[in-house]
Structures are given as structure tokens and as C-alpha cells.
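Working notes for the structure below.
Just so it is clear, none of the values below were taken in a lab; they were calculated from the coordinates. Everything numeric here is computed off the predicted structure, so don't read it as measured data. Here the Cβ positions follow ideal geometry from the backbone for every residue, glycine too, while neighbour counts run over all protein chains shown.
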Amino acid sequence: MVYCGKPSMGCGTCRTRRIKCDETKPVCNQCIKSRRHCAGYRSGFDILHRDETQATAKRAKRQAEKKAAKKAAETGGTVIKFEPVQINGNHNHSQNNNNNNNNRQISPTSASSSSASAPTTPVRLSPVHVLFPLAPPAIPLDQHASHYFASHFIMLPGQSGRQVGHLEYLLPLLRAETNPNSPLQLAYSACGLAAMSNREMAVSGDLVDVSFLQHTRAIRAVAEALQDPVRCKTDATLASVLLLCFFEKITASKENGLLAWRTHIEGAIHIIRQRGKEMTASKYSAGLFDAIRLNIIARSLSSGSAPAMGLEWWLRESEITDPIGVRAQRFCLQICEIRAEAARLMTTLPHNETGVEIMLEMLQKVKSLDREIALWCKHLPEEYQAQVLYYEDRPIEPGALRKAPVFPGPVLMYRDVVIASMWNALRASRIIFGSLLIRLVAWICWPADYHVAPDYMTAVRTIRMLISELVSTTPYMLNSFDDKQQAFAAIQGRGVNTGNFSCGADMQSKMVGGLMASWPLSTIRTCDFTTDDQREWCLGRLASIEKDMGIKYAGALASTKIRFPSMLIRRDGLPTAHDPLKEIKMTVAVRPVQAT
């Protein structure tokens, strides 16, 4: 019972009976007279902290709100506040809705019969506020990994009229393949888990183990599908093999990282041969075939072998969807074929007048194709041409090249990452092709010094130009700039896209850019004509792709110990000349080497 705004000091029995207590100790006299059990007195501490005045309630409310907000800020959650609804004793809800008072009114009922007939007076209680930090909802691991892979690798066709993306054919295949134990779903899950564990740097190792477990299950499922004469020819099975190739590049180790993905490409070639020309019947099948062909080109260029499917295998059927991209692939296939043929001739032909004549024809063939590629690149449509984003003119401190995101000089950008990747693939192929030209010049000029030949000097100038262009394009591929906000604003202001990814933000650093830039950066690093600063910077970019972006294939490429064309020229192993002067006269008399 409350008197004059203060809590009652009486015993519990008197408070219940709502009568005045004489507060005698140890037992109330009112309870003795009425022969009732005295419930005793409250402690002073309890009385002090049971003050229910408006000021105390407001203070308690503010303190609770501060504690909840602080906890929400620490955990990253959201504070939810539930305001109580005012309830009157007569349950008049319409009156409650119009009342702006936040207090809750409850009409208690008296236990005695005398007070039952008395009018009830509402007792005002303090408002009750429930505040707690709301944690974000938990997302299943497989769904998180699926979205993670899509946000970093699956690109939809661009908005500039182009009809080509990157791995966009996976979306309809995944929608059609709903069985979680199918080869496609298992391979896709393994790639997503591997990408997420590498990029997010999972230290527990559990996610890595789960990804390799899914990879093992996917290999077993693909092997079973290949035994079925019907399932082995489906797009889903071929896409599963391609995803296994992606898994090997994402998780590549230094021991087998450069070789493991090639075995899956060989399996994909076997499937394509079984399917025949129906491979290019539909839009998504043709896109899947183009993806396999790009891996075949990378395999041929890295190993020096001829294309497994030849030069003209279904190229015309693929030109319908992406004529410019397929034309670039044709150039790369021609480079692979000529390179393999020239290597065979250099190891089999005798170094005599007939052999030199044949090698001079091969030299002219190489120069003619390189001029054709350069002319074709020059006359590409404007949307395929590079734009200069800005010039990096700030000096780099000694020893800081590996950590620098941008190399001094111009920074080039393109409409999207797919176009930039096409250009980089052509540049890297031309660097390899120029090295082949130098090998031919060295073979023809032997035993004279080939460094003074005009064709050698022209090839070196071309290679150095291509290396500079590759270096200038890499920051755009990796979305790595010193001032990212300014660079992204400039990119968006010029109508340039980093790629229309199926989910996630487009302007962040994407793993697909690191995967596409790894092989061109490795080509720069292993070339004889790369400067020491450029080589040091490329090593830093490969290390960043491996550690920060999670593409372990870049680390395997960075560990390769090779230099070309010098090591390849040495490997050609020309025999010792019996009469060097006679050999020189014979070489000059056959056909003088002309500059381009």
C-alpha cells in the first residue's frame, strides 16, 4: 500500500488486507488481534529499490536502451523495441488507441467482498520495453557457398549489346538439376566451398576439408555418369568436368597445380568428340564448348603442343554467338599450331641449305600472322578498345613494388572483364609468338649472333610494348587501385562495367579477374624482355591473387622457374659447326633477313 507517494512499511498481511499496520516488531499487533499469521516486514533494501515513480521508470528505461544499443553495436545486430499497448480495466480498445499515454492501466480485483462492489481505480504501472540485439539469420553453408561462387565467377551478358558472359550457362543447368547428389551440384558445391574458404582465409580447416570431401564425391559421381552412354553426353556432365577444372585452379598446390587441371580438360575433349556437332546446337551448349576451347588454348600454349581438336573444329558454328571472341580464339589456335610445327622442325631438320630455306618460310609465316593479328586488333569496334583511366605518376619506394597495386604508367580499362581478358590472352599469345620468332632467327643465324638481326630487334620492341599493355590492364582486372573510390567513380562515369555478376556487388574485387590475369602475369614474369621492376611487380600481383583473392593457381605459376626464349633456344641444341664462316656465308646467300 502506498501513502503520500511513498511505499508502505507495514507487514505483508496488512498490505494484503489494505489496512494500516502499527509496524510493531517482531509481530504486528493488528495481526495478533485478528488472529492472523503475520507475513513479516520487507527489508530496507527491497523498499528502496521498489520505488515505482515515473522518474525511476524513465531512468531504468534509458539505461536499458543504452545497454541494448551498446551490445547491438558490438555484435553488429539490430535493436528491436516493443512498445506496450495501454490496456484499461474495461477493455475499451478504441479508447486505448486514441490515448497518447504510454502507461499501462490495470484494474485489479479485490479479494474481499466489501471491496468487490467498490468502483475500481486503475493503477498506473511503468511501461515495459523489451530491447535486445537481433543477430542476422543463419544461412545454410551450401547456399552461402553457392551464392559466393556465383558472385565471383558467373557473369551475365553485358549491357552494351554483347551476348557473351562467363559461366552463364551454369544457371539454367543448375535450375534443371535439382538433385543435390548429382555430379553438377556436387562439383558446383565443391567449387563454392573452396572459393569461400580460400578468399575468406578460413583458419579452422573445416571448410577446406568439406570442400575436398565434396570434390571427392563429385569425381565419383562424374565417373559414374561417364559410364552411362546417355548421361555422358549431356551438358550437365560436361559442365561438371569444367567445374572440376575450376576446383583444381582454385585449390592448386605447388606440386601438381600446373598439371591437375589438364587431366580434366582431356576428359572434356573426349566427351566433346563423342557428342559431335550437336555440341553447338543450342546457345548454352555453344557457350560451354567455347569455355572448353579456351582451356584447350591455355593448355596448348603452356605446354607447347598443338591444339587437340585442330584449327577449324566447329569454329564457324560458334561464330554466331560471339564472332569477335571466336576470331580471337582462332588466332590463338593458329599460334599454337604454328608454334608446335616450328618446334618440330627445329628439332628434326638438319642445319643445311634446305633446312634454312624451310625455316625462312616458317619465319615469314610467323611475321605475317603477327601482322594480321595486330591489324585486326587495331580495327576492332570502339566498345572493344581500351580507354586510359588515368596515369600513375607517383614514385614507388624501393622495395615496395610487390605491394604496389598499380605500376607507374597508364592504367587501361575496358567495357567489362571478359573483353579485357580477350585482349590479355591475345597479348600473352603474341609474346609467346614473338619468342618463337626469335627462336627461328637464332636457328637461321646460327652460328652467328642473332642479337644483331633486324627481325630480333623488331620482335623485342613488339614484346616490350605488349608487356607494358598487360601491366597497364592488370589493375582493372583485379580492381586494385590506390584510390579505389576515385577510380570506380571514373569507371562508372565512362559507362564501363566490371561485369554484370549474377549476384553481389560488381565493383568489388572478384576472383574471376584474378583467375583471368594469372596466366598473362606469369607470361610477363618468365619473359626475358621484362624489366626487373616489372617482374618484381608481377610477382607481387601473383602473390596477392593467391593470398588475398584465393586463387592458388597463381602461386603455382609464380613458382615456375623458366625464362623464354633464352632457355628454349638453348634447349634447341644446335650441333657444332665444322666451318662457321662457311655456314654464315651460306645463310646470307640463301635469303637475307629483312626487317618488318
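Amide H contacts under 5 Å for Glu392: Gly409, Val411, restricted to partners 5 or more places along the chain or on a different chain, H placed in the peptide plane at 1.01 Å from N. Rounded to whole numbers, the Karplus 3J(HN,Hα) couplings from phi for region 239-250 are 5, 5, 5, 5, 5, 5, 5, 4, 4, 5, 6, 5 Hz, using 6.51 cos²θ - 1.76 cosθ + 1.60 with θ = phi - 60°, and x at Gly and Pro. Taking R0 as 22 Å, what FRET efficiency do you get between Glu372 and Val460 from their Cβ-Cβ distance, rounded to the nearest 0.05? My answer for the efficiency is 0.60. Per-residue Karplus couplings for region 220-228, computed as 6.51 cos²θ - 1.76 cosθ + 1.60 with θ equal to phi - 60°, are listed in order as 5, 5, 5, 4, 5, 5, 5, 6, 8 Hz, Gly and Pro entered as x.
As a proxy for reagent exposure, ranking Lys510, Lys283, Lys552, Lys66 by other Cβ atoms within 10 Å from fewest up yields Lys66, Lys283, Lys552, Lys510. When peptides 172-184, 464-476, 414-426 are sorted by average Cβ neighbour count within 10 Å, with the highest value leading, the order is 414-426, 464-476, 172-184.
In this structure the amide hydrogen of Leu156, modeled in the peptide plane, comes within under 5 Å of the amide hydrogens of His166, Asn500, Phe501, Ser502, none closer than 5 places in sequence on its chain. The local environment of Ser468, defined by Cβ-Cβ distances under 12 Å, has a net charge of +1 under the rule Lys, Arg +1 and Asp, Glu -1.
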